[in-house]
Amino acid sequence: MSASDRREGTRHGDSGQNQESSDDGDGSTHSILRYGPQKSVDGWVIFVTGLHEESQEDDIIDMFSEHGQVKDFKLSYNRRTGQVIGYAMIEYARQSEAQDTINNFHGKRFLGKTISVHWAFVKPSVVGESTLSDIDGR
Amino acid sequence: MTDPSPNDDFYLRYYVGHEGKFGREFLEFELYPSGKLRYANNSNYKDDDLIRKEVYVSPAVVEEFRRLVEVSEITKVDDSKWKEPDERSTGHQELECKIGSHHIAFTACEIRSLGDIQKWNDPEGLQTFYYLTLDLKALVMALISSHFKARPIPD
């Protein structure tokens, strides 16, 4: 069930790891960026999107405590309506906790909406050159 | 070479600043298609230094920025009637965004509250602009403080 439903904000690849992309140059060769997770100062931060506007902080924290202890949590509210904007940042001490959470919760439904769970910060590195057809054809 | 990315039609830059009693104070951020997020905040209050941070955010985060811009419908706003900022008294803000085929670049006075803009031309457009900039700033602040554990000075 983890990444089976990829509807929202997920058109760029898998659940946050090793995403690849190409530049928009008009040449035939394109360098590939590979995004790996980037550690933050105090831990590993994941980015949740697609949260229902009536989501409650406690419910989100409860849910995201299943695969690790939530060290830090940020939820933003729409200044006009006072409702949840739709994204949250959740920090774990260990990379494995964050990765397990991404694997298990990405594409899951919460309050009737499909949520996306990705890394918040990434470490891009150019891993080589490829033709556009290689990228599109994978 | 430009930053390669799947979000290659999305770019965002925001600046707000003024000359105040502590000198020139500003906040600026810029999001590149690659996900590179640059943030700068200069507050001279209590001799705070210029803070500059840079981090790559994931495509999912870039997508959320894009979504905020889209739902705001800022691309339908026309700033031609907005009053020109007076740097000496009010400070100013700039919002530049490339999204799909749209490329907007707005300049407005610094808006301290919604009450300010009711007296100005095009309060509706300015309100759209105001709320979008609040939402964008909130996202940037949350990202910067999450990653660096710095406490950015809220505007």
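Nothing in this text is a laboratory measurement; each read-out follows from the coordinates by a stated rule. Bear in mind the structure is a predicted one, so any value in this text is a computation, not a measurement. Note that each Cβ is placed from the backbone with ideal geometry, even for glycine, and that neighbours are counted across all protein chains shown.
What shape does the range A:44-120 take by its C-alpha gyration tensor, where a ≥ b ≥ c are the square roots of the eigenvalues and a/c under 1.5 counts as rounded, a/b above b/c as prolate, and the rest as oblate?
Working: a/c = 1.98, a/b = 1.57, b/c = 1.27.
Prolate shape, in that a/c is at least 1.5 and a/b is the bigger ratio.
Taken about its Cα centre, chain B carries a charge dipole of about 420 debye when Lys and Arg each add +1 at the Cβ and Asp and Glu each add -1 at the Cβ.
If I take every Cα pair under 8 Å that is 6 or more residues apart in the range A:44-120, average their sequence separation and divide by the length, what percent do I get for the relative contact order? Before the final figure, lay out each step's value.
Numbers: 144 pairs, mean separation 33.8, N = 77.
Contact order relative to length: 44 percent.
Peptides A:70-78, A:94-102, B:118-126, A:115-123 ranked from most to least packed, by the mean per-residue count of other Cβ atoms within 10 Å: A:115-123, A:94-102, A:70-78, B:118-126. Counting only C-alpha contacts under 8 Å and six or more residues apart, can you give the relative contact order of chain B as a whole percent? Once divided by the residue count of chain B, the mean separation gives 22 percent.
For the pair residue B:119 and residue B:50, the difference between a 0.36 nm per residue extended length and the Cα-Cα distance amounts to 21.4 nm. With the cut-off at 1.5 for a/c, could you classify the range B:10-147 from its C-alpha gyration tensor as rounded, prolate or oblate? Since a/c reaches 1.5 but b/c is at least a/b, the shape of the range B:10-147 is classed as oblate.
Taken residue by residue and averaged, Cβ atoms of other chains lying within 10 Å of the Cβ of A:42-49 number 4.
What does the extension gain come out to for residue B:112 and residue B:73, with contour length at 0.36 nm per residue minus their alpha carbon separation?
On the way: separation 39, 0.36 × 39 = 14.04 nm, distance 2.15 nm.
Full extension of this stretch gives 11.9 nm more.
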